[in-house]
Amino acid sequence: MKTRIKAARDLLGITQAELCEAANIPLITLRRIEGKPEHAGLVSQETVEKVRLALEALGVQFLESGDRAKGSGVALRTK
């Protein structure tokens, strides 16, 4: 999920600070979410969910395999 969070933030063209404000989380927490794989255990799933919900409120649609987009956009094709 963390790579999708960074991609979603990039698609929106917002900074880490702007996303932190929208999700009401500290900047260090988002840096941990978007950072190295070994940082994954330092952030609760509830916090990651807050970030996801903030991104969705800003217009991002997260898709799972088989989902269809509700508009135009970009998706990563699996190999």
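The values are calculated or read from the model by the stated rules, or taken from the named source; none is laboratory data. Please read all numbers here as calculations on a predicted model, not as lab measurements. Glycine gets a Cβ as well: all are built from the backbone with ideal geometry, and neighbour counts include every protein chain shown. Note: accessible area is taken over every heavy atom of the protein model, side chains too, but ligands, DNA and RNA are not part of it. Shrake-Rupley method; radii C 1.70, N 1.55, O 1.52, S 1.80 Å.
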CD proxy at 222 nm, helix term only [per DSSP H run n ≥ 4: -39500 (n - 2.57); per residue of the chain; nearest 500]: -15000 deg cm²/dmol
Surrounding charge for G35, neighbours by C-beta under 10 angstrom, Lys/Arg +1, Asp/Glu -1, total +3
Please work out the average accessible area per residue across the chain, using the 1.4 Å probe convention, and give it in Å². 74 Å²
Would you work out if the stretch 23-69 is rounded, prolate or oblate? Take a ≥ b ≥ c from the square roots of the eigenvalues of the alpha-carbon gyration tensor; rounded if a/c is under 1.5, else prolate when a/b is larger than b/c, oblate otherwise. oblate
Using alpha carbons only, what's the Rg to Rh ratio of the chain with Rh from Kirkwood? 0.96
